[in-house]
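Structure record follows, encoded as structure tokens.
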Amino acid sequence: MKGRNLVFAGLFAFLIPGCGGGGGDAVTVTQPIVDANGGGIWVGQTTDDSQPGVTQDFVGVTTDSGEFRFLSLDTFGQFIGTFTVSGNAASGTGLGWAPIGFTWTDGTVLTSVSITATVTERQQFNGSWSTGTSESGTFTFAYSDTHQRTSSFSKLSANWFYTDGLYSVTISIDQNGSISGSDTDGCIYVGDASIPDASVNTYAFDVTVMSCGPFNGMYAGLAVLDDDTVQDDTLITSIDNGQVAIVLVMAR
């Protein structure tokens with residue numbers, strides 16, 4: 001990648017002896033393979049084969065239904081797509097966004113991406129990635145216990161904000177999951193949050209961006225609550241519209 005490293009998420013046989021006194025042929029009984037649940041919040045590192053020894057910290061958010069979002073909270077590069085699991089083997093495809101201000105080797109900011117991985121349910125999600133621009137690397141993720149927290153609108157409801165001194169954005173989420181907000185560029189955000197599975201700490205966001213020039217459109221993605229100084233005081237959101245991807249890390 002130009003300018004910056006990006007990388008951004010049994011079969012058993014039993015022999016049963018023949019019955020009766022005379023013995024008989026052994027019978028092989030197989031147990032069906034159980035597919036691992038691939039959902040989780042993951043923290044770890046990614047590598048780029050073109051830059052040996054260089055790693056980048058990444059956060060992964062995956063769902064048991066097969067959605068993955070791998071993102072850097074430093075560069076805001078993202079890998080987003082869907083995956084399936086067979087036994088402990090996962091594979092998926094999607095899109096890869098270069099970090100803001102950088103490109104892939106062919107000069108684009110968006111390319112296709114595929115992943116292959118081994119899932120140890122609620123423990124590890126490790127594998128490799130490759131892009132349509134012929135770049136590749138690996139990822140090694142460990143499961144975060146924050147995933148096991150329940151989700152609710154009472155936890156999500158707040159005024160969330162981010163500022164770096166030059167740019168600021170504020171998003172309000174009410175007790176029904178309604179989203180509204182704006183930023184210092186004049187962009188307007190409206191939408192809704194939903195709870196796909198109340199037993200885990202993952203929210204689905206559908207947001208329309210308006211008055212924002214080339215960023216206008218309908219976005220969808222996932223969000224999780226994380227901890228900075230106290231529990232659930234940080235909102236990490238990854239949304240995209242198929243052309244533009246946005247990462248927001250906000251505080252109450």
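For this structure, a couple of remarks:
- Cβ-Cβ distance of L166 and S130, R₀ of 41 Å, FRET efficiency by 1/(1 + (r/R0)^6): the value works out to about 0.70.
- At 0.692 mPa s and 37 °C, Stokes D of the stretch 64-167 from Kirkwood alpha-carbon radius, µm² per second: 208
- Residue order for M218, M210, M250 - accessible surface, 1.4 angstrom probe, largest first: M218, M210, M250
- Inter-label distance, nm, simple model (7 Å from Cα along the C-beta direction), V54/D197: 3.5
- Extension gain from K155 to M210, taking 0.36 nm per residue of separation minus the Cα-Cα distance: 17.1 nm
- Helical content alone sets the calculated 222 nm signal of the chain at 0 deg cm²/dmol, taking -39,500 (n - 2.57) per DSSP H segment of four or more residues and averaging over every residue.
- Spherically averaged projected area of the chain from its Cα convex hull (nm²): 17.7
- Element breakdown for the chain at a 1.4 angstrom probe: carbon and sulfur atoms account for 55% of the accessible area.
- For the stretch 165-252: span of alpha carbons on each principal axis (Å, largest first): 37, 30, 23
- Exposure check, 1.4 Å probe, all protein chains in place: T208 carries approximately 50 Å² of accessible surface.
- On a per residue basis, the chain carries 48 Å² of accessible surface, using protein heavy atoms and a 1.4 Å probe.
The values are calculated or read from the model by the stated rules, or taken from the named source; none is laboratory data. All of these numbers come straight from a predicted model, not from anything done at the bench. Counting neighbours? That spans all protein chains shown, and the Cβs are built from the backbone with ideal geometry, glycine included. These accessible areas exclude ligands, DNA and RNA; they are computed on the full protein's heavy atoms, side chains included. Shrake-Rupley method; radii C 1.70, N 1.55, O 1.52, S 1.80 Å.
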